[in-house]
1. Of the residues GLY211, GLY191, GLY236, which single one is over 18 Å from the mean Cα position of the chain (by Cα), surrounded by fewer than 19 Cβ atoms within 10 Å (Cβ to Cβ) and more than 21 Å from GLU324 (Cα to Cα)?
2. Test of understanding: among ASP329, ASP317, which residue is touching a residue at least 40 places away in the same chain (Cβ under 8 Å), surrounded by fewer than 22 Cβ atoms within 10 Å (Cβ to Cβ) and not in a helix (DSSP H, G or I)?
3. Are any residues in the stretch 258-296 under 22 Å from LEU179 (Cβ atoms) and of a type outside the set (A, V, I, L, M), and if so, which ones?
4. Across the stretch 19-51, what is the number of residues that are more than 17 Å from ASN100 (Cα to Cα) and of a type in the set (S, T, N, Q)?
5. Here is a check on your reading of the model: is LEU290 surrounded by fewer than 18 Cβ atoms within 10 Å (Cβ to Cβ) and touching a helix residue (DSSP H, G or I) at 6+ places or on another chain (Cβ under 9 Å)?
6. Restricted to the stretch 260-304, and to residues that are assigned to a helix (DSSP H, G or I), among the basic types (Lys, Arg) and free of Cβ contacts under 8 Å to residues at least 40 places away in the same chain, which residue is farthest from HIS217 (Cα to Cα)?
7. Give the residues of the stretch 58-86 that are of a type in the set (A, V, I, L, M, F, W, C) and either without any contact (Cβ under 8 Å) to a residue 12 or more places away in the chain or crowded, with 19+ Cβ neighbours inside 10 Å (or both), sorted by residue number.
8. Could you say whether any residue in the stretch 343-353 is part of a helix (DSSP H, G or I), in the same structural domain as GLU141 (by TED's automatic domain parsing), at pLDDT 95 or above and in contact with a Leu (Cβ under 8 Å, 6 or more places away or on another chain)?
Amino acid sequence: MFSKSGIVEKSSPTKERTITIYNRAEQQFIELLTTENLDNIVEVKAAKVNEFERILWTAIRAAYQNEYDDWQAHLFLQRILYRINRLKLFWYDDLRHYTNERSLYLCSCRNQIEAAWQNWELAQINVVVLQQLNVKQALIERASADLDPSLSEDSRYIREQMTEAGYRHLLKIASFDGLVEGSRLARILGGAANEIQCTLVRVLLEEYGNGRLSRKHSTFFAQMLAEFEMNCEPEGYFDLVPWEVLACANHNFLLTERKRDFLRYAGGLTYFEVAGPGAYRNYLAAAQRLRFSEAAMGYWELHIREDERHGQWMLDDVALPLAELYPNDAWELILGYDQEKLMSDRAAKAILQSIHQAESTAIPKCFDFDQHQG
């Protein structure tokens, strides 16, 4: 039995049946993904397709149309959505895996999930209030507050109490993003040349190590995993990723594919770059307290240095100029910023909960009598 953070836990028979149903439906969907010429044979596989769609709609209702929080439905839907979205990235694998990348059936599944999910996400933000704000002032104030926030209880736990088992678990979940080059920037940069676009290119180049593999962010993350003899393969710990983390990735896929939401995208990226160093400092402090090597924390050090600079670029050279360029729609920058913050905070809490569960089930190291005698 897997919990919402991927940790084995005891469960009721009803809960077990529900998870089994979702797992079976996901396996059916994976088979559809790899079916040659899927759109042409959907009717031939009607029984399998109908069964999957029935469960899909059941999950949509459970996740987005009920008052209670059905995490099993959330996880199932975000995993399905991610499996569709990842076809937009090239994995240097069998070319036949991309046969259905423009499938109308997959597009229909994606649209069904996104429509219900995005309405649910937007309902958690007071858009009317955002539309009445002074956009430039609101962006500057938000960035100032998020650049160096006061330490929360969760931040203090990571810095002062998280164990080595917890740190390893953190790396497993973080590798979902750290090892996969699903950069929002790589999917958004095409179009007319201007100063805003050039700033985005500068951010992209630094994140990609200016074209040198040894300097790429993912290389530094892989070095951290290697230090602990962990799996360095992309998506190697996919089954541990909470739905809240998957939702952040899927939200970015959505915004980068819909150019009408470019302002929301830019606002979200501004928050991501501004607030990133605060989280990375917590992880770095934990690694230093646990006395890990430089290789075990180099990724955090690199991100802190670069994202402090990127956050300022995003605010001064992207978000604020866009607010001037699109005065009637500039409030969407704040919507993107606030949504990114809301979803990132939600993901951070889910990760910490998963860390707590991993620590509670970790096998303690044996006491070394010889080392501690005397």
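The values are calculated or read from the model by the stated rules, or taken from the named source; none is laboratory data. Note that this is a predicted model, so its numbers are computed, not measured. Here Cβ is always computed from backbone atoms with ideal geometry, including for glycine, and neighbour counts include all displayed protein chains.
1. Details: GLY191 fails: more than 21 Å from GLU324 (Cα to Cα); GLY236 fails: over 18 Å from the mean Cα position of the chain (by Cα).
Being over 18 Å from the mean Cα position of the chain (by Cα), surrounded by fewer than 19 Cβ atoms within 10 Å (Cβ to Cβ) and more than 21 Å from GLU324 (Cα to Cα) holds for just one of GLY211, GLY191, GLY236, which is GLY211.
2. Values: ASP317 fails: not in a helix (DSSP H, G or I).
Unique residue meeting the criteria: ASP329.
3. Hits for the stretch 258-296 are GLY268, PHE272, GLU273, GLY276, PRO277, TYR280, ARG281, ASN282, TYR283, PHE292, SER293, GLU294.
4. Of the residues in that region, 3 qualify.
5. Values: surrounded by fewer than 18 Cβ atoms within 10 Å (Cβ to Cβ): yes; touching a helix residue (DSSP H, G or I) at 6+ places or on another chain (Cβ under 9 Å): yes.
Judged against the criteria, LEU290 is a match.
6. Residues of the stretch 260-304 assigned to a helix (DSSP H, G or I): 260-289, 294-296, 298-304.
Among the residues that remain, those that are also among the basic types (Lys, Arg) are: 260, 264, 281, 289.
From the residues that got through so far, the ones that are free of Cβ contacts under 8 Å to residues at least 40 places away in the same chain too are 260, 281.
Working: ARG260: 29, ARG281: 16 Å.
Looking at the filtered set, the residue picked out is ARG260.
7. We begin by selecting, within the stretch 58-86, every residue of a type in the set (A, V, I, L, M, F, W, C); these are 59-60, 62-63, 71, 73, 75-77, 80-81, 84.
ALA59, ILE60, ALA62, ALA63, ALA73, LEU75, PHE76, LEU77, ILE80, LEU81, ILE84 - these are the residues of the stretch 58-86 that are of a type in the set (A, V, I, L, M, F, W, C) and either without any contact (Cβ under 8 Å) to a residue 12 or more places away in the chain or crowded, with 19+ Cβ neighbours inside 10 Å (or both).
8. Let us first name the residues in the stretch 343-353 that are part of a helix (DSSP H, G or I), namely 343-353.
So of that shortlist, the ones also in the same structural domain as GLU141 (by TED's automatic domain parsing) come out as 343-353.
Checking the rest, the ones that are also at pLDDT 95 or above come to 343-353.
Subsequent filtering for residues that are in contact with a Leu (Cβ under 8 Å, 6 or more places away or on another chain) retains 351.
Checking the stretch 343-353: at least one residue is part of a helix (DSSP H, G or I), in the same structural domain as GLU141 (by TED's automatic domain parsing), at pLDDT 95 or above and in contact with a Leu (Cβ under 8 Å, 6 or more places away or on another chain).
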